[in-house]
Amino acid sequence: LRDVFHILDEYLKLDFLVESALNCLSAWIAYPSALEQLVETKIIQRTSSLEALKSENFCSAACEFLSNVLQMNEIGSAPRVTELIAKQILALQPFIQELVKLGQFDMTEAYCGLLVSLAEEQPDQFVEFQDQSLQLVETLLLFGSHPSPEILSKTFDGFESISKHLESTVIGSSSTVRLFQQVFLKLLGFIRIHCQLERTTDSDTEDFRQGDAGTGLDIIWDHLGGKLFCESLLHTLQEQITNQHPPSHMEATIHCLNLMKASFAPEHDQYIASLFKLLEHLPLAAVSGSVFDLIGGCSAWLQRNPNPYIIGCIQFIMRGLSADSVSISMSASKSLLHLSRDCRVPLASIYEKLRSACDRIVQIQAWRSESREIMLESLSYIVGVLPPSVAGEQFNSLMSTVLQRIHRLVTREAKSAEVAQLLDEQLLVYYKMLKAASVPLPGQKVAPCMETLLRQPTQVHPFHGTFKATFGMLGAIVTDFGSSAKVYERVCALIRCWLAAFGDRRVFPPRGNVAPFFVNKLGELLTLVAQWYIAHPMHPTCGLSVLTIAANRFGSYEPVQPVMKTILDRVVEVTLELLRTQPRTLPKHCTDLYSLTTQMVLNIPAAILPHPTFEHLYKFAVSALMMQESPQAIKAMLQFFQSLTLPAQSQEWQEVLNGMLVQKYGYSITETLVSCIAGSLQMSSIPLLAQVLFSLAILHGNGLRVWLRAVLEKTPITLDQHTKADFYQKIFMMSERIVERVRKPGQSTFTELVAARAYVTPFLRLVQAFAQHARRVA
């Protein structure tokens, strides 16, 4: 190593080899004792000399090499080396100042990188409170005044290291705290200046605003605290407005506040209130997307403090929506969306004025379709908190424009891919509006406009008119756009939303037919979805999800049951045909098919038990369970098995299930599950498998013992060395699940306790059978 360093030291004397020699040295210094050899050969002194560092040709390579030296493990035991580098940097301060003033980039960047490395590796050099320490901090701050925000960004890691070192070493020193508060406030000022949009004509400033500025502000917030941070920027904004500074300066200050809005907490409420008061005096030229992003980000605060600020915010947003700038108009519409979602209740009192203002803007700016659609979604949120009669009228009025567009697209003669794309976009708008109007307030079960339906199930649903208008077009959409997977997904999402809005039995009374017209049409609707799926089974499986939700939420309604029975036979036939040919490549089809089947067993047993379709499903699940690699598909099939062991909805069906289990399926399920334990079933599926056995034990404790004994006698568990540890882990995980169920008797029913006892005995026999087999093998 000594010989290598002596050779490289000689090369450093040759100008044309300096850069290569320094790069080579950076690789060699990774070896132990390298630092000792570097000091002995005086390579560090030669590299850190002012002559080398001021050389335009060698500066970057020299600074990079010295940065690598500072990162060496042994550097902590060589304080003279770090002191030497620090002194040389300070000697360069006037030179650096001149470079920064001239806007020179490459050498400035190299010096900045070296100083940041010193701050990261030796932060104590900056906080020893000697003249040299303060000069190092001032030099680091000096880079913030460089015209390029990229140089400023490089200082952030250094300041973060200094801040953390201060936090761990000098807490309690008031003079130190004040000193470094001023340092970080200056850094905040540099970031704010670099966020001013008129500083450069290229994309540097915008990239900095959207990227590194947030990193620097996070560091400053953590050091100063939210109180001092907010006070500083609000004071700056107040001065800028009072003294009529350029609009870009005000905008940059607001942008900095906007970047930190996620850090606002209740203790910062007074600063947010001061901010909204200042915004009332903000000149129109200073209004930008950041202002509206900030207002939208404070929507939760406005919900808690609506008066007197929310009206002013809405007026401010209306100014933005009317602006000529497309980006400002879009930001304003997104801000309105945030406010409408979080402040629905206070905005309901001014809904009519807000609707009129939006209508006027839409007529003026008709070409801004995206902003218009966001406004429609915003208004839909507020409609959801209006009284039912008013809500229905207003929602139909809002939706009429969207329905007209959909109707025009559906009735076009040419059904091209472009038309399908336009239809998909309008269906998305429809979906968002319906979803917004249906969202309940926090802590409530349904949207306020539907609350009276809980007490008066026969009352006309506020969305009745819109659904009727939509239903008439669905047949044409299926016929003409059936091949479009995107349109299919969008329609299924819309139907799921309708199912939730018109009778979620988890909210409404089970037999309370809250929307008779909807239930009467539901059969046709589900038939339409099923036909679409059957015609295009390789589309996404969202059609199966719609049928699953319908079985869960509307399975108790008589008009739905015969339709679901007819649908199920054909859907199962088509899906199983696909799965038999591609059992491992279509996990989503398998998952959604067995989720649907489980809901049918639980909610519409007459449609599936006993039935040839059930037999097909059962046989496929038994054969495919061990082949599946998808955890979701395995879970769906295990839940299907478990559905046979859960209490049925009536005594009649309970007897049917018991008969099926005793005569055939109990033994078969036990055999399948034991094979899974000894086989390659994923470990993540074992807890659910244990739950299935537990449920089986609750229903048929004696039967489970008999079935387990018969299974073990027929097919002894055989394991090789590779699967033995895996088997032990599965057995251990299952035993944990049993203990969890019986450990707290106060939380378990007597039946569960008895079942657990019935389950433990055969479970132990399963372990004993393995142990006996292991002894025989040994």
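The values are calculated or read from the model by the stated rules, or taken from the named source; none is laboratory data. Just so it is clear, the model here is predicted, and its values are computed rather than measured. Glycine also receives a Cβ, built like all others from the backbone with ideal geometry; neighbour counts cover every protein chain displayed. These accessible areas exclude ligands, DNA and RNA; they are computed on the full protein's heavy atoms, side chains included. Shrake-Rupley method; radii C 1.70, N 1.55, O 1.52, S 1.80 Å.
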Inset, instruction - At 0.36 nm per residue, minus the direct Cα-Cα distance, what do residue 40 and residue 185 gain on full extension? Give it in nm, one decimal, please. - result: 47.9 nm
Legend entry - FRET efficiency, residue 84 to residue 327 (Cβ-Cβ, R0 51 Å, nearest 0.05): 0.50
Inset, instruction - Provide the per residue accessible area, probe 1.4 Å, for the chain, rounded to a whole number of square angstrom. - result: 45 Å²
Inset, instruction - Could you state the angle between the C-alpha long axis of helix 79-91 and the longest principal axis of the C-alpha atoms of the chain, as a value from 0 to 90 degrees rounded to the nearest 10? - result: 70 degrees
Inset, instruction - Could you tell me how many degrees, from 0 to 90 and to the nearest 10, lie between the Cα long axis of helix 701-714 and the main elongation axis, the longest principal axis, of the Cα atoms of the chain? - result: 80 degrees
Legend entry - Whole-percent carbon and sulfur share, accessible surface of segment 47-200, 1.4 Å: 47 percent
Legend entry - Per-residue [θ]222 nm for the chain (sum of -39500 (n - 2.57) over DSSP H runs n ≥ 4, rounded to 500): -23000 deg cm²/dmol
Inset, instruction - Could you check how much of the accessible area of segment 303-414 is carbon and sulfur, as a whole percent, using a 1.4 Å probe? - result: 52 percent
Inset, instruction - With only alpha-carbon atoms counted, please give the Rg and Dmax of the chain, in Å. - result: 35.6, 99
Legend entry - Cα gyration tensor, segment 645-690 - rounded (a/c under 1.5), prolate or oblate: oblate
Inset, instruction - Sort out for me the Cα centre separation of segment 539-556 from segment 101-119, rounded to whole Å. - result: 62 Å
Inset, instruction - Whenever you get a sec, compute what percent of the accessible area on segment 522-642 sits on carbon and sulfur atoms (1.4 Å probe). - result: 58 percent
Legend entry - Label point distance in nm, residue 588-residue 349, each placed 7 Å from Cα along Cα→Cβ: 4.7 nm
Inset, instruction - Pull up the cross-link candidates among the lysines for residue 730, meaning alpha carbon to alpha carbon under 24 Å and not fewer than 8 places away within one chain. - result: 635, 714, 744
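Mind running the shape call on segment 240-353? Use the C-alpha gyration tensor, a ≥ b ≥ c as the square roots of the eigenvalues: rounded below 1.5 for a/c, prolate if a/b tops b/c, oblate otherwise.
Oblate shape, in that a/c is at least 1.5 and b/c is the bigger or equal ratio.
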Legend entry - Nearest-ten-degree value, helix 59-70 long axis tilted from longest Cα axis of the chain: 70 degrees
